[in-house]
Each structure stands twice: as C-alpha cells, then as structure tokens.
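Participant: For reference, the structure I am asking about is given below.
The values are calculated or read from the model by the stated rules, or taken from the named source; none is laboratory data. Since the structure is predicted, the reported quantities are computational estimates derived from the model, not experimental observations. Using ideal geometry, Cβ is built from the backbone for each residue, glycine included, and neighbour counts are taken over all protein chains shown. Side chains are part of the model used for accessible areas, which takes the heavy atoms of the whole protein and leaves out ligands, DNA and RNA. Shrake-Rupley method; radii C 1.70, N 1.55, O 1.52, S 1.80 Å.
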Amino acid sequence: MLDRLLKLDRRWIFLCIAVATALPLIFPFSLVRVEVTDPTRGIFDTIDTLPAGSVILFSNDYDPGSAAELRPMTLAILRHAFHRKQRVVVMTLWPGGLALTQDILQQMTVEFPHLRKNEDWAFLGYNAGQQAAIANMVRNLTETYPKDRDGMDTASLPILVKADGRKIESLKDFAYVVSISAGDPGLEQWVIYGQGESGCLLGGGSTAVSITQYLSYFQAKQMNGLLGGLRGGAEYERLLKDKYGTEVKNAEGKGSVGVQVLSVDHFLIIAFILFSNVIYFASKLRTAASTGAER
Amino acid sequence: MEPPPLSDLIGVWVSVACTLFLLSFLYRDNPLYKVGENLFVGVSMGYYAIRYYYDTIHPKLTMELWNGTDRWMIVPAIMTVLLFMRFIKPLAWTSRYAYAALMGIVSGLAIPRFVTSNLMTPMSATVKPLLTVSGDSTVPMYPAIIILIGVVTVLTYFFYSIEHKGPVKWLATAGIYFLMVSFGTSFGLTVMGRVSLLIGRCDDLIMYAGGRYFYATPILLAGTALVLLLWDRHDSRKQAAKA
Amino acid sequence: MLFLKRQLPLFLTFLFGMTVMVCYYVPNRASDEVSGEILKWLEVMLAVALILGATVLVVVHGEQILKQKAGWAYSLIVIGSILAGVALGLWENGKEYTEEAELTSFGWFYFYLYIPLNATMFALLAFFIASAAFRAFRARTLAAFCLLATAIIILFGQAPLGAWLWEKLYHATGDRIPTMADITGFMQQVLVVAGKRGILIGVSLGVIATSLRVIIGLERGYLGGDK
C-alpha cells in the first residue's frame, strides 16, 4: 500500500496543483498582509526620495514567459515613479519584451493622463546588442539608441535634459537605473557591464528563480534594492498602498492577489514533500522490521 | 458587457486553444501538444527575426551604410556576409572570421568587467565588513564572519588541485552544507516562480471563460478533452495491433 | 591555406580581444571612439547571429519536409509560422501598434499567439516541479535533509499565510522565537549569499580564464574542425 502511494500517478499531483491554483482565483480571498523585506524597501525608498523631475532609466528585460511574475512589480514601480513626478526612459533588451513594454506604457498613460510623451516618459525600444548595448550605454546613450521606438532622434528628446539643464549622455547621468529581468541579458549584465564601469545607482527585480544569484550583488552594495518574483511585486504594492493609499490608482494589483494564491500552492507542495517523506521512511522502517523478523 | 471586436474575439479563442494544447501534455504527449510546441518555436523565431532586423540591423547597419554616416559599418557588413557563408560548403571556412571577431570582442569585453564586478567587488564585500572596526558598515560582524566562512569553504569544495582529506575535507564538507542551503532556497523560490507563472495562465483562462468571450475556455477545454480521448483510444488500438 | 583558415582567424580574435581590453584600461577620447565603434559592430553581429539561428532552423526543418522524415508535418508548422511572422512583420513595418494605439496584424500575432504559447510553456513547469517535490525530494542523507528543510522553510516563509501562522506562534511563545522575517532574512542574506558568492567567484574565475584562452588562441573550439 505504502509503495503504491510512493508510485502515485503524477497526474493526480497535477490535478491537485491545478485545483489549488484555479479555486483561489475563482474565489479570491485576502486574509494576510505580505511582510516587506529590506531589499524591496531599498528600491521604494530610492524612488520615494528622488526629487521630482529626476530621470530614471527603466529596462524591462523579460518576455511573456515571465510576465505573470514580473509585470506586477513593473507596474508598481512605474506607478510610484510617475506619481512622484519623476521622468522615466524605458527600454528593453529582450525581443519578446518590446510589445509587452509598449502595452505597459499605454496602461500608464491611461492611469496618468497628464503624462507627456518624450517629456515625462520615452520609449527607446529594443536593442539586440545584449551586454554590448549596456557597455555602449556606459559611454554614449545616443550612439546605442540613435532613434527611439517611433524613429525620433534620441538626442532631440526633451526627457534627456535634466532639471539643471545638463544633458543625459550616458548611463551615469541617470538618477537611478532599474532593470526588471528574467535572465540573460538582465540584472547580472547590468551589474557587470553597467554599474561596475559607470558607478550608476542600480536597483532591480528578477524572477524568483534567479533571485539567489543577485543577493550577493545586493549585499555587496552593487545594487541598492532587489525585488523577487510575484512576492516582490506584492511587497512593493503594499508599500505603495501604505504610503499613498488611494492617491495612486490600482496600487494593489495582481501581485497582492497572486501572492494569496501562492500561499495555497506553497502549503500544498510542503504537504507533498512531508507526506512523501513520511511514506518513504515508514516504508523503509517496515522493510527493516520484516528483514529483522525473517532473521 | 459589450463583446470585444471580432479580431480580438478570434484572438482570444486562438489564445485559449494554444494554452490548452500545451497544457494537454499533462495528460500525456499527444499531437495537440506537438502542434502547440512547434507553433511556439516557429512563432517565436518569426517574431524575433523581425525584431532583430527592425530594431538593430536596419537602423545600425542598413541605414548607416545607405546614408554613409558611418563607413566603418562595412566591417560588420562583411562579417554578416561571412556568417552566412556557412551554407555554401566550399566557402564555409570563411565564416570563421566572423566567429573569430565575435569571440574576440565578447572575451575582451568580459575579462576586465568580470574582474571588477564579479571578482574584486564581491571579495572586497566579503572581507571589508570584518576590517571595519567603526564607520558606516551596516552589516553586523557575525553575518560577515559566516559569509567569509561560506565563501572559503565553497571555494575549497570546488578546488580539486589538492586532495580532499584531513582539514581540507572538513572545509569542503562545510562548503557542501552552504551549497545545500543555497540550493534548497533556490528550489523553494523556483517553486514560487513557476506557480506564479501558472497563476498568470489560469487568470487568463478564467477571464476568457465568461459570456463576454462566448465561453471560450469551457468550450475549448471540452473540445481538447474530447480530441485527447479519441486520440487515446485510437493510439491504444494501434499499440494493441502492433503487440 | 592554413594561414587563411587557422592563423588569420586566431589573429583576428587576438586583435579584437586585446583592442577591447586596452580600450577599457586606457581610457581616453581615441580609445572611447574605437571601443564605441567595435561595440556597435558587436551589436549588429549579435543580431545577425540570431537571424542566422532562425535561418538554420528553417534549413533543418526544410530538410525534414523535403525528405518526408517522421514528424515532417510538424516541421511544416514551424516553417509556416516563421514565414507568417516574418511576412506580417514586414507588412506592418515591424510595428505592433498603429499610431492610434490599435493592434496591427503583427501585434495580433504577438498578443494572441506568441504570448499564450510562450507563457504556457513556462507555466507547465509548475506541475513538474510539484511532481518532482513529491517523487524525488527525500531526506536520504544529512545534506539532502539540509536541502529539504531549507526549501520547506523558504516555501513556508514566502507564503503570507505561513508568515502569519508563524507570527501567531511567535506571540504564543512570548516573543522568544525569532520572527519568520528574521529566519528567511538570515537564510537569504547570509547563508545563501555565502554559498552563491563562492559559486559566483568560481564561475567568474572560469569565465576570465576561458576568455583569456580564447584571446591568446589556446581555446579554438569555436572555429570548428581543421578543414
């Protein structure tokens, strides 16, 4: 009987996961508030303290494969920056991220109707150069992106003039650089090819899978903030909600909803692990006992 | 609620069908999954090819050469031609020049930057908190000691030039435990990440299950299940006949 | 011929690699311009290399179809969808949206085909990781127990419900146990950093050594065979 349980058809496990994910989405609940961690607070505090009009470079380095995890934090950070009247230059190093980023920016212009294109935000588009694009931006931004997404000369964009009248020419001129990344090219390349050489202030978010890889950079202060997966998005949404309440539209988004569903799935998987180990050891004990009895 | 425009409605049905085709793999490998899988490869490649061309090759190579703004772009233009020479057998060896240039630039780019960002800075961040008697160090002393022990023991574990016995073995064993904690954390976070992606797909399927989209999800779910059932029966008969 | 086939490519690697490195270590206006130009070349060559990948895919699947090998009908789907994507992209000038922010046919291709296929492919892994947790995650040794216990703590602590339950326990014990934030924080920001940094330093040493070998011509695998 125990051995049969250990060899359970995996489709039963699939069914459990499907039900545990779908049911809380059909009947949403919000029992518990998510606790905010230090790496998340790092990015929130930076954006919260930057003066209005500061120019942030935002690199949206992911495609639809990771959008469910990373879109909530992208939206939360952009909402925060635009609410604080900062200006955001957006780009992507992932080909599949281009239209996704355009979609996000369209959502932002609906939520913040006062935003002026090329003055409060600009979209530089996609660059296939990967690490070469970052390394080139360290020396010259307009050579890396001679035109924006709409074909306008990047050098002529009003957003690239700082409040004090100086021009933004390279990575180090941005008040803050944020990369939301799902892998390579992403945060690691921004640290190695961008922050290391230019010394720019860097923060970012990543999929939960690769977050452990970036914790070392955070501890070494190569990054001043780090958001991890859907939970990172939920933490940022909570900070936004706590500080600005209803001032920021949709402050509580998909991150806050999704993280409650995560609870159910996590508990189910913990139960799987514990259950299979109990059966495994019970089966081992029984085998040992029967071998002893035979002797 | 108003129904969406026809093109969006068709799009939603196609999107739900694609999702269900791929999810059908959970039952077992089947032709619907294979259709979805191959469609995924083709659609991705088709989309990427357009992005590479319009966002990098066109503005930086074609236009620069056409307008004569950067005559040095003739170098990557030649390399581009050489890269494609691999399809012409007698001249395939000329593509080596393009690979050689690529490898040289990528390697030259990596070395100094890896030394600074991935070697010197992490090593300094490991040792510096221990040397900071007072000052702005926000890291308390005991975590810094644990981090140092962890880094040394993990590096010892990966250092095969000396035999792992005696004190070296002890250090390497401690390194294994640090690695296990790292991998355990990675596993926990990987579960979180993958489930988050599933939540995203389920969210879309639930959204498209309503009347606004003419019940795309339940209808296509039933259709997919029916096709799977029929194919399963057909396949079992085929297997039985073979046996 | 050996010079053209072997020595000249190796010299090119050395020349480009050293130039880029020297430009980094000797910063001045001239080196900045040289490195900018070379980086631009790299950007273009990487994009072309990726297109080359797509071309190879078409060639491989084209052969499958021509020779009618097993599963050639699926190859037809691959080639058909690549061509459809390229045709729509060229037709719409690479734009997913019109000036009025409406979807173009290429945008439709992206939003209703690429997004669901890409997202579902990765979402599938949730099921397999759950199955792996049940079938393969056993505390057979002390090291395996360590891995398993860490995973459970992280899964418990990352779920808000777990953190909430722990908080109840924390108050019930009169605040004598550490909070869940303290536990997961210590694990992630101390223990994991220690382990991952060891790996990071090791991997970086490997990358630097391999890159050096490439530049000085000891590593030649990327050139293929001798012919």
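Participant: For the peptides B:198-209, B:59-70, C:189-200, what is the packing order when you average, over each peptide's residues, the other Cβ atoms within 10 Å and list the highest mean first? Spell out each step's value before the answer.
Facilitator: Working: B:198-209: 21.0, B:59-70: 15.2, C:189-200: 25.5.
Output ranking for B:198-209, B:59-70, C:189-200: C:189-200, B:198-209, B:59-70.
Participant: Per residue of C:203-211, how many C-beta atoms from partner chains lie within 10 Å of its own C-beta, taken as a mean? If you can, show how the numbers build up before the last one.
Facilitator: Numbers: counts 3, 10, 6, 2, 8, 9, 1, 3, 10.
Mean inter-chain Cβ contacts per residue within 10 Å come to 6.
Participant: Once the Cβ-Cβ distance between B:Ile149 and A:Asp38 is put in as r, and R0 is 22 Å, what FRET efficiency do you end up with, to the nearest 0.05?
Facilitator: Details: r = 22 Å, r/R0 = 1.02.
So the FRET efficiency works out to roughly 0.50.
Participant: Please compute how much accessible surface disappears when B pairs with A, both sides summed, using a 1.4 Å probe, and round it to the nearest 100 Å².
Facilitator: Values: alone 18720 and 15040 Å², together 29900 Å².
Interface between B and A: roughly 3900 Å².
Participant: Please list B:82-88, A:286-292 highest first by mean number of surrounding beta-carbon atoms within 10 Å per residue. Please list the in-between numbers first.
Facilitator: Details: B:82-88: 16.7, A:286-292: 10.0.
So the peptides B:82-88, A:286-292, ranked by packing, come out B:82-88, A:286-292.
Participant: Provide the net charge surrounding B:Ser124, with neighbours chosen by a C-beta distance below 14 Å and charges set as Lys +1, Arg +1, Asp -1, Glu -1. Show your work: numbers first, answer last.
Facilitator: Numbers: positive: A:Lys221, B:Lys128, C:Arg197; negative: none.
Charge balance in the 14 Å sphere: +3.
Participant: Past the 32 Å Cα-Cα mark, which pairs from A:Lys85/A:Lys172; B:Lys128/B:Lys169; B:Lys89/B:Lys242; A:Lys85/B:Lys128?
Facilitator: Details: A:Lys85/A:Lys172 21 Å; B:Lys128/B:Lys169 27 Å; B:Lys89/B:Lys242 43 Å; A:Lys85/B:Lys128 38 Å.
Beyond 32 Å between Cα atoms: B:Lys89/B:Lys242; A:Lys85/B:Lys128.
Participant: Continuing with the same structure: Report, for chain A, the % of DSSP beta bridges that are antiparallel, rounded to 5. It would help to have the intermediate numbers written out before the result.
Facilitator: Values: 2 of 27 bridges.
Percentage antiparallel, nearest 5: 5.
Participant: I've got another one for you. Using the Cα atoms of the stretch C:1-69 to build a convex hull, what is its mean projected area in square nanometres?
Facilitator: With every direction weighted equally, the projected area is 7.0 nm².
Participant: Whole Å is fine, so just give me how far the alpha carbon centre of the stretch A:72-86 lies from that of the stretch C:182-214.
Facilitator: 31
Participant: How far, in degrees from 0 to 90, does helix A:229-244 lean away from the longest principal axis of the Cα atoms of chain A, to the nearest 10?
Facilitator: 60
Participant: Compute the signed sum of charges (Lys and Arg +1, Asp and Glu -1) over the other residues within less than 12 Å, Cβ to Cβ, of A:Gly225. Can you show the working numbers first?
Facilitator: Working: positive: A:Arg41, A:Lys221; negative: A:Asp38, A:Asp45, A:Asp48, A:Glu235.
Once all neighbours under 12 Å are counted, the net charge is -2.
Participant: Continuing with the same structure: Charges on Cβ only, +1 for Lys and Arg, -1 for Asp and Glu, centred on the Cα centroid of the stretch A:38-252; of A:Gly151, A:Gly129, A:Val161, which one is farthest towards the dipole's positive end?
Facilitator: Positive-end residue among those listed: A:Val161.
Participant: Using only DSSP helix segments of four residues or longer, with each worth -39500 (n - 2.57), what per-residue ellipticity at 222 nm results for the protein assembly as shown after dividing by its residue count and rounding to 500? Mind showing how you got there, number by number?
Facilitator: On the way: 29 runs with 481 residues, N = 765.
Per the formula, -21000 deg cm²/dmol.
Participant: With equal scatterers on the alpha carbons only and no solvent term, can you work out the Debye log10 of I(q)/I(0) for chain A at 0.12, 0.13, 0.15 1/Å?
Facilitator: Debye intensities relative to I(0), on a log10 scale: -0.78, -0.88, -1.11.
Participant: While we're here: Figure the gain on full extension for B:Leu226 and B:Asp70 (residue separation times 0.36 nm, minus the Cα-Cα span) and round it to one decimal in nm.
Facilitator: Numbers: separation 156, 0.36 × 156 = 56.16 nm, distance 6.01 nm.
This chain segment gains 50.1 nm when fully extended.
Participant: Along the charge dipole of the stretch C:145-227, which of C:Leu205, C:Ile183, C:Leu155 sits closest to the positive end, that is, farthest toward it, with unit charges on the beta carbon of Lys, Arg, Asp and Glu (+1, +1, -1, -1)?
Facilitator: Toward the positive end, the furthest listed residue is C:Leu205.
Participant: Over the stretch C:135-227, what per residue volume does the convex hull of the Cα atoms give, in whole Å³?
Facilitator: Value for the stretch C:135-227: 193 Å³ per residue.
Participant: Give the calculated FRET efficiency between A:Thr246 and B:Lys89 to the nearest 0.05, with a Förster radius of 60 Å applied to their Cβ-Cβ distance.
Facilitator: On the way: r = 68 Å, r/R0 = 1.13.
E between A:Thr246 and B:Lys89, to the nearest 0.05, is 0.30.
Participant: Compute the distance in nm between two label points, each set 7 Å from the Cα along the Cα-to-Cβ direction, one at C:Lys168 and one at C:Arg140.
Facilitator: Calculated label separation equals 3.7 nm.
Participant: At what distance in angstrom do the alpha carbon centres of the stretch B:193-231 and the stretch A:149-223 lie from each other?
Facilitator: 38
Participant: Another question, then. Give me a single rounded figure for B:1-11: the average over its residues of other chain Cβ atoms within 10 Å of their Cβ. Provide the component values of the computation, followed by the final result.
Facilitator: Working: counts 0, 0, 0, 0, 2, 0, 5, 4, 0, 2, 9.
Across the residues of B:1-11, the mean count of other-chain Cβ atoms within 10 Å is 2.
Participant: When the convex hull of the Cα atoms of the stretch A:1-115 is projected onto a plane and the area is averaged over all directions, what value comes out in nm²? Mind showing how you got there, number by number?
Facilitator: Details: hull surface 45.9 nm².
Mean shadow area of the hull around the Cα atoms is 11.5 nm².
Participant: So how tilted is helix B:141-157 from the main axis of chain B? Cα-based, degrees 0 to 90, rounded to 10.
Facilitator: It works out to around 80 degrees.
Participant: Specify the angular offset, from 0 to 90 degrees and rounded to the nearest 10, of the alpha carbon long axis of helix A:64-83 from the longest principal axis of the alpha carbons in chain A.
Facilitator: Tilt of helix A:64-83: around 50 degrees.
Participant: Now for a separate question. Give the C-B buried accessible area in Å², both sides summed, 1.4 Å probe, nearest 100.
Facilitator: Values: alone 18210 and 18720 Å², together 26650 Å².
In total, chains C and B hide about 10300 Å² from solvent.
Participant: How many percent of Cα pairs in chain C exceed 33 Å? Don't skip to the end; give the middle numbers.
Facilitator: On the way: 14623 of 25651 pairs.
Tail of P(r) above 33 Å: 57 percent of Cα pairs.
Participant: Taking the Kirkwood radius as the inverse of the mean 1/r across Cα pairs, report the Rg/Rh of the protein assembly as shown.
Facilitator: Details: Rg = 27.1 Å, Rh = 28.1 Å.
Reported Rg/Rh (Cα atoms, Kirkwood Rh): 0.97.
Participant: Under a 1.4 angstrom probe, counting protein chains only, how are A:Arg116, B:Arg96 ranked by accessible area, largest first?
Facilitator: Numbers: A:Arg116 125, B:Arg96 15 Å².
My answer, sorted largest first, is A:Arg116, B:Arg96.
Participant: Just counting partner chain Cβ atoms within 10 Å, what average do the residues of peptide B:12-20 show around their Cβ? Present the calculation step by step, with values, prior to reporting the outcome.
Facilitator: Numbers: counts 3, 1, 4, 9, 2, 2, 10, 6, 2.
Across the residues of B:12-20, the mean count of other-chain Cβ atoms within 10 Å is 4.
Participant: So if I place +1 on the C-beta of Lys and Arg and -1 on the C-beta of Asp and Glu, and nothing else carries charge, what would the dipole magnitude of the stretch B:145-236 be about its Cα centre? I want it in debye, nearest 20.
Facilitator: Numbers: 6 positive and 5 negative charges, 37 e Å.
Approximately 180 debye in magnitude.
Participant: Further, regarding this structure: Report the charge-dipole magnitude of chain B in Debye, nearest 20, computed about the Cα centre from +1 at each Lys and Arg Cβ and -1 at each Asp and Glu Cβ.
Facilitator: Values: 19 positive and 13 negative charges, 176 e Å.
In debye, rounded to 20, chain B gives about 840.
Participant: Can you tell me which of B:163-173, C:30-40 comes out highest on packing, and rank the rest after it, using the mean Cβ neighbours within 10 Å? List each step's numbers first, then the result.
Facilitator: Details: B:163-173: 12.8, C:30-40: 18.8.
Result, highest mean Cβ count within 10 Å first: C:30-40, B:163-173.
Participant: Excluding same-chain residues fewer than 8 positions from A:Lys221, which aspartates and glutamates have a Cα within less than 17 Å of its Cα?
Facilitator: Within reach: A:Asp38, A:Asp45, A:Glu188, A:Glu197, B:Asp136.
Participant: Given an 8 Å cut-off on Cα distances and at least 6 residues of separation, report the relative contact order of chain B as a percent.
Facilitator: Numbers: 126 pairs, mean separation 52.6, N = 243.
Normalised by residue count, the contact order of chain B is 22 percent.
Participant: Compute the signed sum of charges (Lys and Arg +1, Asp and Glu -1) over the other residues within less than 15 Å, Cβ to Cβ, of C:Tyr74.
Facilitator: Details: positive: B:Lys34, C:Lys67, C:Lys69; negative: B:Asp29, B:Glu37, C:Glu63.
Taking every Cβ under 15 Å from that of C:Tyr74, the sum is 0.
Participant: Here is a follow-up. Could you tell me which residue out of A:Gly96, B:Thr153, A:Pro39 lies farthest along the dipole of the protein assembly as shown toward its positive end? Charges go on the beta carbon: Lys and Arg +1, Asp and Glu -1, centred on the Cα centre.
Facilitator: Among A:Gly96, B:Thr153, A:Pro39, the one farthest towards the positive end of the dipole of the protein assembly as shown is B:Thr153.
Participant: In Å², and per residue, what accessible area does the protein assembly as shown have when probed at 1.4 Å with the other protein chains present? Mind dumping the intermediate values first?
Facilitator: On the way: 33560 Å² over 765 residues.
Here the per-residue accessible area is 44 Å².
Participant: Let me ask you something else. Chains A and C: how much accessible area gets covered up at their contact, both sides added, probe 1.4 Å, in Å² to the nearest hundred? The partial results should precede the final answer.
Facilitator: Details: alone 15040 and 18210 Å², together 28020 Å².
Chain pair A/C: roughly 5200 Å² of buried accessible area.
Participant: Then there is this: Roughly speaking, to the nearest percent, how much of the protein assembly as shown's 1.4 Å accessible area is carbon and sulfur?
Facilitator: On the way: 21920 of 33560 Å².
Heavy-atom surface of the protein assembly as shown belonging to carbon and sulfur, 1.4 Å probe: 65 percent.
Participant: Further question on the same structure: Taking Cα pairs under 8 Å and at least six residues apart, what relative contact order does chain C come out at, in percent?
Facilitator: On the way: 91 pairs, mean separation 42.2, N = 227.
Worked out over chain C, it gives 19 percent.
Participant: Continuing with this model, one more query. A 22 angstrom limit on the alpha carbon distance is what I want to check against. Which of A:Lys117/A:Lys167; A:Lys249/C:Lys168; A:Lys241/C:Lys196 exceed it?
Facilitator: Numbers: A:Lys117/A:Lys167 18 Å; A:Lys249/C:Lys168 33 Å; A:Lys241/C:Lys196 33 Å.
Correct reply: A:Lys249/C:Lys168; A:Lys241/C:Lys196.
Participant: For A:Asp48 and C:Val59, what does the FRET efficiency come to when R0 = 51 Å and r is the distance between their Cβ atoms, rounded to the nearest 0.05? Could you put the intermediate results ahead of the total?
Facilitator: Details: r = 53 Å, r/R0 = 1.04.
Step by step, r from the Cβ atoms, then E = 0.45.
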